[in-house]
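Only one structure is covered here, and it is reproduced in the block below.
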Amino acid sequence: MDISYRRLGDGAVIFSHRTWKTHILTPAATLIFEALDEVRPADGGPVPRAAALALLRQDLDVETDTPSTQQLLRMLRRLGVIA
Amino acid sequence: MRLREQPLHALSRQANRGRLYLDQGAARLRIRSSIKGFIRNLHLLYGAFPYLQADTGFADHHVELRRGRRLRALIRPQSRFRTDGQEPFEPFPLHGALPLFEWGINWSFAQRANQYILLHSGVLARADRAVIMAAPPGSGKSTLAAAMMLSGFRLLSDEFGVLDPNSGQLLPMLKPVALKNQSVDVIRAFSDQAVIGPLFVGTRKGDVAHLAPNETSTDGLHRPARPALVIFPAFEAGAALDCRRLPGEDAFAHLAFNSFNYHLLGPTGFHAVADVIAACPAYRLRFGQLESAIEQIRALLDEADGNAQGAAQRHPG
Amino acid sequence: MRGTAALPLPAGRHLLPLLRDPAYARGMRLADWDETLRLARHARLLGQLGYRLQADQPTWDQIPERVQGHLQAGINDAAYHAQLVRMELRDLEQALPSDLSVTLLKGAAYLLQDLPLARGRTPNDVDLLVRRADLDTAEQALKCAGWRMAVQSAYDERYYREWSHELPPLRYPGHPLEVDLHHSITPVTSRTRADDALLFADLRPIPNSRYRALGPLDQIIHAVIHLFQDSELTNELRGLVDLDGLLRQFLHSEQDWHALTERARGHHASRLLWYALHYCCAWLRIRLGLPPQRSATVAR
């Protein structure tokens, strides 16, 4: 995963070294990102999709099929955070 | 010695020979021009700037302001701007050489100075603690910057927030403040200390007049300032003062995506802007009156300084 | 040959020695940099110059801060352009059929092969080479994926197709870089005709990439041919710097130099090679590893 992550208050920003794109994370997205980041495999690879969805639903109590969550998940997949 | 202490004819002679040097802080210019009216305006608006006697033989930008030479130039005299063989703008009327020069410098600087992150913002400082004021045109940013300078802040820049990614500091890129339309009279009324150049009517940005940087500002040409506060000003006639803290990620997006070269600098730009936002509280400031806006900015700066000191005490060293 | 082929610009007084040896910068005064930076920028060599100087820390530390700023700006600008090329190549990879053999030329090839000469170099477009028989397939694939020809008139397009070794430049709407699709390394109009059979027989895979590169000797020959297609002096200087970098990269022994002259003969480019080496030697003082009698000829 080739990104730089900076927490800014409750929100955060991510820079992708592959695309040079900057992604803005709202406080909710920041919580999700940090929770996923914590359970990433030791080799730095992505979190398996099923595990990611389970974490969101059970631990964070997030609805995973809303458009905004779906959008966030697509972004995290492109960034290599989840598989 | 300041530029204005030099007789006008001496400056004209130097400009004629292409040996007039001008130090704007982040950029040093070498100017060639035979347009007398332009040199007169320069003498007034850059009057407090240091006069560079010693010819170091080095300039960051070589610029030329010359009269148009084509047939139509006889009927309607023109001025043209050139830098290193490039002419980025159509000719202006001859008397508009100064605004043409100012836009030309902005253009060259924005093209080239990619060693810095060029924020689209005004920068002012109190005791070398910088206020970054970022906003789109028409938001009253220049007017507020002008009024702040006339109220004791040091002006670093009206157009470019020149952020050095190595030091995290802002460098002066000092030029006259371009005041548009009603702002000219507003600033004239705001302070009798304001030195304002001639009004250029009907330019592509409306009527424009320039406020000369004062000595406090020109004396700090090579003194950087550390970012302390980010303000997104929005002028609204008759509006009551309204100041709201912006979330960090929003402030980041506004600052980064309005910068001239954020996209070009990749990871360097990302970390430099994130450092600014991590260090500075950011506010959206709606104002209808200059005095109260400046008072509010002073209070926010006090608070930011207090927090910074508090943080330093909590984490000594 | 010392002094016989000096760059006919006073500023070349410092730029050429700097390109030969970064340590030359230690003896330069601030005023010497003025014209030198302007010429380097004009020749699009600011990034390369900056990169070489920065790699030599003791020298870099002695360069005036203002000058360092200009050089750093050149380095940053080059890094951005390199990123644009990488992005364009990734997008092209999605569009091109995976079984189609596509070869990168010049800047993009130097970049993906990670050649030292690519560091600080500012590529301006993406050049792809395919076999003539694959040209239609490649063109259709790119057009299907959204790339468009930048040329307006049918006349211009016919000129390109009939007389050139490339199609009119293609551009994906909104992308900053153009893509040139070539089927040879010499224009049809050129007196020099590279041997396509020879060229395509020696393609090399680029590690970790779907693209290929020309064989090392052909990369050199291509740089030579390209050098004489451009009529602007400052572009030629950049071309020479490329050539110099390739020679230093790929030629290590007398045998290598022999192989190069043989290869040039095969591509009917012996004269061009001779001229190119002449200027490389005069301007950049590359040490020619030719047999004694031959280097005497070149150096005369």
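The values are calculated or read from the model by the stated rules, or taken from the named source; none is laboratory data. What you see is a predicted model, and the numbers here were worked out from it, not measured in a lab. A quick note on method: Cβ atoms are made from the backbone with ideal geometry, for glycine too, and the neighbour counts reach across all protein chains shown.
Laid out as a table, the results:
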{"read-out": "Residue in segment B:208-216 that is loosely packed, with under 14 Cβ neighbours inside 10 Å, out of contact with any Leu (no Cβ under 7 Å at 6 or more places or on another chain) and free of Cβ contacts under 8 Å to residues at least 12 places away in the same chain present", "value": "no"}
{"read-out": "Some residue of segment A:3-12 being more than 10 Å from every other protein chain (Cβ to nearest Cβ), touching a Lys or Arg at 6+ places or on another chain (Cβ under 7 Å) and within 16 Å of A:V81 (Cα to Cα)", "value": "no"}
{"read-out": "Unique residue being surrounded by fewer than 19 Cβ atoms within 10 Å (Cβ to Cβ), outside any helix (DSSP H, G or I) and assigned by TED's automatic domain parsing to the domain that holds B:I132 when the list is B:A299, B:A308, B:A239, B:A228", "value": "B:A239"}
{"read-out": "Meets criteria (within 15 Å of B:L163 (Cβ to Cβ), without any contact (Cβ under 8 Å) to a residue 40 or more places away in the chain and touching a Leu at 6+ places or on another chain (Cβ under 7 Å)) for B:A256", "value": "no"}
{"read-out": "Among the candidates B:A147, B:A130, B:A97, residue that is part of a strand (DSSP E or B), over 13 Å from the mean Cα position of the chain (by Cα) and away from chain C (no Cβ under 14 Å)", "value": "B:A130"}
{"read-out": "Positions within segment C:127-160 being under 30 Å from C:L243 (Cβ atoms), out of contact with any Lys or Arg (no Cβ under 9 Å at 6 or more places or on another chain) and not in a helix (DSSP H, G or I), in sequence order", "value": "C:L128, C:V130, C:R131, C:V151"}
{"read-out": "Selected residue (criterion: surrounded by the fewest Cβ atoms within 10 Å (Cβ to Cβ)) from residues of segment C:75-92 that are of a type outside the set (A, V, I, L, M) and facing another protein chain (nearest Cβ under 8 Å)", "value": "C:Q83"}
{"read-out": "Residue within segment B:179-194 that is of a type in the set (K, R) and either surrounded by 21 or more Cβ atoms within 10 Å (Cβ to Cβ) or out of contact with any strand residue (DSSP E or B) (no Cβ under 8 Å at 6 or more places or on another chain) (or both) present", "value": "no"}
{"read-out": "Search result, residues across segment B:244-264 that are more than 9 Å from chain A (Cβ to nearest Cβ) and part of a helix (DSSP H, G or I)", "value": "B:H254, B:L255, B:L264"}
{"read-out": "Among (1) of a type outside the set (S, T, N, Q); (2) farther than 30 Å from B:A308 by Cβ; (3) within 15 Å of the chain's Cα centre (by Cα), the one test that B:G85 misses", "value": "(3)"}
{"read-out": "Sole residue being surrounded by fewer than 22 Cβ atoms within 10 Å (Cβ to Cβ), more than 10 Å from chain B (Cβ to nearest Cβ) and not β-branched (V, I, T), chosen from C:Q48, C:Q68, C:Q54", "value": "C:Q54"}
{"read-out": "Leading residue by the ranking (farthest from the other protein chains (Cβ to nearest Cβ)) among those in segment B:267-289 that are buried (at least 21 other Cβ atoms within 10 Å of the Cβ) and among the small types (G, A, S)", "value": "B:A272"}
{"read-out": "Enumerated strands (runs of 3 or more DSSP E) restricted to chain A, each holding at least 2 residues that are among the small types (G, A, S) and buried (at least 16 other Cβ atoms within 10 Å of the Cβ)", "value": "A:11-16"}
{"read-out": "Any hit, segment C:29-47, residues being of a type in the set (V, I, T), in a helix (DSSP H, G or I) and closer than 18 Å to C:L240 by Cβ", "value": "yes"}
